[in-house]
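Presented below is the structure to which this report refers.
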Amino acid sequence: MAILEVRDVVGGYGEVLILNGVSILCGNNEIVSIVGPNGAGKSTLMKAIFGLIGIRQGSVVFEGKPIMGMRASHLVKLGMGYVPQEKNVFPSLTVLENLQMGAFIRKDDIAPAMERVFELFPFLAKNRKATAGVLSGGGRQMLALGRALMLEPGLLLLDEPSAGLAPQVRDEIFEKIVEIRHRGVSILMVEQNAKKALEMSDRGYVLVMGRNRFEDTGKALLANPEIGRLYLGSA
Ligand SMILES: Nc1ncnc2c1ncn2[C@@H]1O[C@H](COP(=O)(O)OP(=O)(O)OP(=O)(O)O)[C@@H](O)[C@H]1O
Ligand SMILES: [Mg+2]
């Protein structure tokens, strides 16, 4: 069974429709990437899945349950995590406080989850007392991932996890994402670094103007010359 099934979703901001019928599947323990030009609606789709904006038509099913109309605060309890494209850490709080905030809805002991986050990101363990705002871009992105992992989600929605990072740091973040998947978390991510993202993805989608344009395995999309020419650039 797919962990997430988005079917023919139409939605946007108020009267402005940005998504004009998008369908996405994320299988259990898959990495699925969504790529496409700026303004295609990729971030809007993530927000729609995570209950941050309304869905006009279509359906979103998470672990077999329809979730349209549910708020983000409810979805996190069901096991969906979301790392937004921007403003994904509290800059004035320390690393440790950010991780604690990530788990604030948990009533049980958060120490084991924190331990696992520190195991995955030794950098965060070492810098637990640092203010998040002074971290490098890569450090901040690790913290954003760590914060989302504090709720031990089954599915993580990642919006441009490598945005603005130098190639070496970007590759490190991608390695961490692969490791997160090995820990049993399904990943649906939007990426500007389309080639890199598709290389590590089981499947991918090219979204254009709020609609599905192509979908296939990551490998097949990479091998498609039309997609290479139009959407993958030289990156
Ligand atoms: N809060 C908002 N209110 C109104 N329109 C918005 C809002 N946020 C985004 N849009 C519009 O929705 C369209 C899709 O934006 P979105 O951010 O989803 O694109 P994207 O595919 O994520 O692009 P990028 O690659 O630049 O991140 C754009 O035309 C954008 O101007
Ligand atoms: Mg975006």
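The values are calculated or read from the model by the stated rules, or taken from the named source; none is laboratory data. The structure presented is a predicted model; accordingly, all values stated were derived computationally and were not measured. So basically every Cβ, Gly included, is an ideal-geometry build from the backbone, and we count neighbours across all protein chains shown.
Exactly one residue out of M142, M209, M150, M189 is away from ligand 2 (no atom under 16 Å from the Cβ), closer than 26 Å to A48 by Cβ and not small (G, A, S): that is M150.
Need the failing condition index for E97 against (1) acidic (D, E); (2) closer than 22 Å to E152 by Cβ; (3) within 16 Å of ligand 2 (Cβ to nearest atom), just the number. That leaves (3) as the condition not met. Exactly one residue out of V83, V134, V95 is under 17 Å from the mean Cα position of the chain (by Cα) and at pLDDT 95 or above: that is V83.
Can you name the residue in region 7-30 that is under 13 Å from L157 (Cα atoms) and either among the aliphatic types (A, V, I, L, M) or over 15 Å from the mean Cα position of the chain (by Cα) (or both) and is also surrounded by the fewest Cβ atoms within 10 Å (Cβ to Cβ) among such residues? Looking at the filtered set, the residue picked out is L25.
For every residue, the table says whether it meets (1) without any contact (Cβ under 8 Å) to a residue 40 or more places away in the chain; (2) under 24 Å from E199 (Cα atoms); (3) more than 14 Å from ligand 1 (Cβ to nearest atom).
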{"position": "V10", "(1), (2), (3)": "no, no, no"}
{"position": "G36", "(1), (2), (3)": "no, yes, no"}
{"position": "G64", "(1), (2), (3)": "no, no, yes"}
{"position": "G69", "(1), (2), (3)": "yes, no, yes"}
{"position": "V76", "(1), (2), (3)": "no, no, yes"}
{"position": "P84", "(1), (2), (3)": "no, yes, no"}
{"position": "F90", "(1), (2), (3)": "no, no, yes"}
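For region 31-40, the set of residues classified as crowded, with 24+ Cβ neighbours inside 10 Å and near ligand 2 (Cβ under 10 Å from one of its atoms) consists of I34, G36, listed by residue number.
To keep it simple, each residue is scored yes or no on (1) away from ligand 1 (no atom under 16 Å from the Cβ); (2) among the aliphatic types (A, V, I, L, M).
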position	(1), (2)
A48	no, yes
G81	yes, no
I105	yes, yes
V134	yes, yes
G138	yes, no
M142	yes, yes
M150	yes, yes
G154	yes, no
D159	no, no
